[in-house]
């Protein structure tokens, strides 16, 4: 059931259709639309992955979910019903989005997006039940305000929003399914490489230190490991520098794959190494063991601190303080 984010327009080669389709079946409930649920999300891939367990649980409970997000996020999740989130700066952009949503007749809205703007859109769209965390002073726009612990694992915080709908999610671990055909294409693209590395990241302060990943990659190649690089075209500089510093060739897929292709490549790798990026969260979702390093973002909130994943928290939030030895030790487990 389950495509280009506004903050990741250069992450993948995908150029999906700008408009998804929302379900049109008649839902049950006193208002006639009670089981049609809008899930208002952010446009980042990592946020989409964290929302996946809640989407699955709600679908299993009989809710007809439609995602309000960027097309690339919906594509990554493989969700059939989605509406592009309009992120315009003017009031009439907000009003236009609300007007367009009103015609779908949603009975409830799960506001994973914590902004007051998202809550105002749902209110103006006439959605009768609006559930969210009371962030940005938006409590008055919610019918159900769910308290939040800022340090709680993000997937669990999102899962808490399903409780007012009668859905309890005990173990919100992200999972996204790939078809056999997608997995076969991932194997073809990976060409036998078993270690996936994302050398870059969108923000400088999130990137793995070059010396650490270079020295670790040299050691892994000396052990006979084959490396495949993943990421978006805006990460070419870091990738080219790493490749030039290695003695053995790598399978370089940075900027050459769409989002589902990248997920398929990661699904067949033995380990993926990177920072707090959407690509690394996608690796978790397809079942690839990860070593994910966190600097300025809180590891307890965004890290997948459960087997088979390893979370590295940089000293004092400074990624530059991470060493090759720490990366290698984490990969060894």
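The set of residues in segment 194-223 being in a loop (DSSP other than H, G, I, E, B) and crowded, with 21+ Cβ neighbours inside 10 Å consists of 198, 199, 200, 201, 207, 208.
Report, by residue number, each residue of segment 168-193 that is in contact with a helix residue (DSSP H, G or I) (Cβ under 7 Å, 6 or more places away or on another chain) and assigned to a helix (DSSP H, G or I).
Filtering segment 168-193 for residues in contact with a helix residue (DSSP H, G or I) (Cβ under 7 Å, 6 or more places away or on another chain) gives 169, 172-176, 178, 182-183, 185-186, 189-190.
Listed by number, the residues that qualify are 182, 183, 185, 186, 189, 190.
Residues satisfying the criterion are present in segment 61-71 (criterion: outside the structural domain of residue 284 (by TED's automatic domain parsing), on the phi > 0 side of the Ramachandran plot and outside any helix (DSSP H, G or I)).
Only one of the listed residues (327, 246) is farther than 26 Å from residue 156 by Cβ, more than 19 Å from the chain's Cα centre (by Cα) and surrounded by fewer than 18 Cβ atoms within 10 Å (Cβ to Cβ). That residue is 246.
Can you tell me which of 122, 76 is surrounded by 24 or more Cβ atoms within 10 Å (Cβ to Cβ), part of a helix (DSSP H, G or I), out of contact with any strand residue (DSSP E or B) (no Cβ under 8 Å at 6 or more places or on another chain) and on the phi < 0 side of the Ramachandran plot? Walk me through how you get there before you give the answer.
Numbers: 122 fails: out of contact with any strand residue (DSSP E or B) (no Cβ under 8 Å at 6 or more places or on another chain).
Just one listed residue meets the conditions, 76.
List every residue pair whose Cβ atoms lie under 7 Å apart, where the two residues are 6 or more positions apart in sequence or sit on different chains, the first residue falls within segment 239-257 and is closer than 14 Å to residue 213 by Cα, and the second residue, located anywhere, is part of a loop (DSSP other than H, G, I, E, B). Qualifying pairs under 7 Å: 239/199; 239/200; 239/231; 239/254; 242/199; 243/250. Filter segment 150-162 down to the residues that are more than 15 Å from the chain's Cα centre (by Cα) and either assigned by TED's automatic domain parsing to the domain that holds residue 223 or in a loop (DSSP other than H, G, I, E, B) (or both) and list them by number. If the condition is that a residue be more than 15 Å from the chain's Cα centre (by Cα) and either assigned by TED's automatic domain parsing to the domain that holds residue 223 or in a loop (DSSP other than H, G, I, E, B) (or both), then 150, 151, 152, 161, 162 are the ones that fit.
The values are calculated or read from the model by the stated rules, or taken from the named source; none is laboratory data. Predicted model, so just to flag it, every value in this text is computed and none were measured. Cβ coordinates were reconstructed from backbone atoms using ideal geometry, including for glycine residues, and neighbour counts include every protein chain displayed.
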